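Visitor: A single structure is presented below for examination.
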Amino acid sequence: MDLKEFFILSLLLCCAQFGWARMPRNYLDETSARHVNVMDFEAVGDGETDDSQKCSSAPTAVGVNGCDDVQINGLKFVNSQGMHVVLNKCNGVKISNVEISAPEDSPNTDGIHFQRCKNVEITNSVIGTGDDCISIGTATSNVNISKVFCGPGHGISVGSLGKHDSAAVEQIHVSNCTLRSTMYGARIKTWQGGSGFAKSITFEDIIIDSTDNPIVIDQYYCNGNHNCGNNTSAVEVSDVKFVNFQGTSSSKIAIKLACSETVACTDIHLRQVHLKTPESKEVKAYCLNVKGTSTDVNPDVPCLDN
């Protein structure tokens, strides 16, 4: 299909707590098209979640698969039961003026997740969920994220990577974003036992407001009830920059760089990072198997060269 455009001026009322189990996997779904425009679309859920039920089958609100030249503008979601926007195998994606709101205790409600995509731009959006505001999956390159307000949620994440296959993520640029009352800030997360790489990643000009863990590289990521044993292989993390972070950490460990004993993180650079607690108390950094530099960074990162 050469041309398919959606100009949606509507309100979608999502069904009550258990009704979504009978819904299709996506409220709005588009596959294998070019020039996809989704505009002024609003989805409102019933505001109720039940953690005793399996949420893994909850529908994705908007799923876009195998499409080129995708434009998503003016979407608004309130209390979705599952992920909000998921893109897979897309090239040329522009997302702007999106508002996403879900309870901070609602599981698996990622705001925007994409994988196997290239040439992605996300800007001027407000996202608050119970999971990652934005998550970047494998086989993704040339991503620019700017002017995004994130909170609550799990921050802006590269990963998780390397759970089932080799990862390849590069040329990621996140700038001029604010993270407020989030569990994590700027995060890279990979599973033990993975392979591949995550490189050429920059987070810069970031405002941190009462975030538990503002800066994280975690090569020991293990989510849920997985029995994660030690494994010598890992996704290689390199050429990563955290520049101009200002604000407050709600936990004592503001910077956590935990890298593999066999596949260390290399070419990691922190510059102009100033973090403290909301009470202006000192915070600390934890680091393991990291090679790189720190310049004008508080707290001090002992394993990086000053």
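The values are calculated or read from the model by the stated rules, or taken from the named source; none is laboratory data. It should be emphasised that the depicted structure is a prediction, and the values quoted were computed from it without experimental measurement. As a convention, Cβ positions derive from the backbone with ideal geometry for all residues, glycine included, and neighbour counts pool all protein chains shown.
Yes or no, residue by residue, for (1) of a type in the set (A, V, I, L, M, F, W, C); (2) closer than 19 Å to residue 102 by Cα; (3) in contact (Cβ under 8 Å) with a residue 60 or more places away in the chain:
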{"residue": "130", "(1), (2), (3)": "no, yes, no"}
{"residue": "148", "(1), (2), (3)": "yes, yes, no"}
{"residue": "153", "(1), (2), (3)": "no, yes, no"}
{"residue": "163", "(1), (2), (3)": "no, no, no"}
{"residue": "188", "(1), (2), (3)": "yes, no, no"}
{"residue": "198", "(1), (2), (3)": "yes, no, no"}
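Visitor: With respect to the numbered conditions (1) within 19 Å of residue 178 (Cβ to Cβ); (2) β-branched (Val, Ile, Thr); (3) in contact with a Phe, Trp or Tyr (Cβ under 9 Å, 6 or more places away or on another chain), which one is the sole condition not fulfilled by residue 120?
Guide: (1)
Visitor: Look at residue 248 and say whether it is in contact with a Pro (Cβ under 8 Å, 6 or more places away or on another chain) and free of Cβ contacts under 8 Å to residues at least 60 places away in the same chain. Full working, then the answer.
Guide: Working: in contact with a Pro (Cβ under 8 Å, 6 or more places away or on another chain): yes; free of Cβ contacts under 8 Å to residues at least 60 places away in the same chain: yes.
Here the answer is yes, as residue 248 does meet what is asked.
Visitor: Against the condition surrounded by 16 or more Cβ atoms within 10 Å (Cβ to Cβ) and modelled with pLDDT of 80 or more, how does residue 79 come out, does it pass? Spell out how you get there, then give the answer.
Guide: Numbers: surrounded by 16 or more Cβ atoms within 10 Å (Cβ to Cβ): yes; modelled with pLDDT of 80 or more: no.
No; evaluated as a whole, the condition is false for this residue.
Visitor: Look at the stretch 154-181 and say how many of its residues are crowded, with 21+ Cβ neighbours inside 10 Å, at pLDDT 95 or above and either of a type in the set (Val, Ile, Thr) or not in a strand (DSSP E or B) (or both).
Guide: 7
Visitor: Filter the stretch 272-296 down to the residues that are touching a Lys or Arg at 6+ places or on another chain (Cβ under 7 Å) and touching a residue at least 24 places away in the same chain (Cβ under 8 Å), then identify the one that is surrounded by the fewest Cβ atoms within 10 Å (Cβ to Cβ). Can you show your working first?
Guide: The first filter runs over the stretch 272-296 and keeps only residues touching a Lys or Arg at 6+ places or on another chain (Cβ under 7 Å), leaving 282-284, 286, 295-296.
Of the ones still in play, those that are also touching a residue at least 24 places away in the same chain (Cβ under 8 Å) are 283-284, 286, 295-296.
Working: 283: 18, 284: 16, 286: 17, 295: 13, 296: 11.
The selected residue is 296.
Visitor: Out of all the residues in the stretch 91-119, which are more than 18 Å from residue 188 (Cα to Cα), crowded, with 22+ Cβ neighbours inside 10 Å and in contact with a strand residue (DSSP E or B) (Cβ under 8 Å, 6 or more places away or on another chain)?
Guide: 93, 95, 98, 100, 102
Visitor: Scanning the stretch 278-295 for residues that are modelled with pLDDT of 95 or more and polar (S, T, N, Q), which turns out farthest from residue 237 (Cα to Cα)?
Guide: So, considering only residues that are modelled with pLDDT of 95 or more and polar (S, T, N, Q), the one farthest from residue 237 (Cα to Cα) is 295.
Visitor: Also, quick follow-up: Any residue in the stretch 254-276 that is in a loop (DSSP other than H, G, I, E, B), touching a strand residue (DSSP E or B) at 6+ places or on another chain (Cβ under 6 Å) and of a type outside the set (Gly, Ala, Ser)?
Guide: Looking for residues that are in a loop (DSSP other than H, G, I, E, B), touching a strand residue (DSSP E or B) at 6+ places or on another chain (Cβ under 6 Å) and of a type outside the set (Gly, Ala, Ser), one finds at least one in the stretch 254-276, hence yes.
Visitor: May I ask you to verify whether residue 111 is within 12 Å of the chain's Cα centre (by Cα), in contact (Cβ under 8 Å) with a residue 40 or more places away in the chain and not assigned by TED's automatic domain parsing to the domain that holds residue 195?
Guide: On the way: within 12 Å of the chain's Cα centre (by Cα): yes; in contact (Cβ under 8 Å) with a residue 40 or more places away in the chain: yes; not assigned by TED's automatic domain parsing to the domain that holds residue 195: yes.
So residue 111 fits the description; yes.
Visitor: Take residue 53 and tell me if it is at pLDDT below 85, outside the structural domain of residue 38 (by TED's automatic domain parsing), more than 17 Å from the chain's Cα centre (by Cα) and assigned to a loop (DSSP other than H, G, I, E, B). Outline the logic, then answer.
Guide: Numbers: at pLDDT below 85: yes; outside the structural domain of residue 38 (by TED's automatic domain parsing): yes; more than 17 Å from the chain's Cα centre (by Cα): yes; assigned to a loop (DSSP other than H, G, I, E, B): yes.
Here the answer is yes, as residue 53 does meet what is asked.
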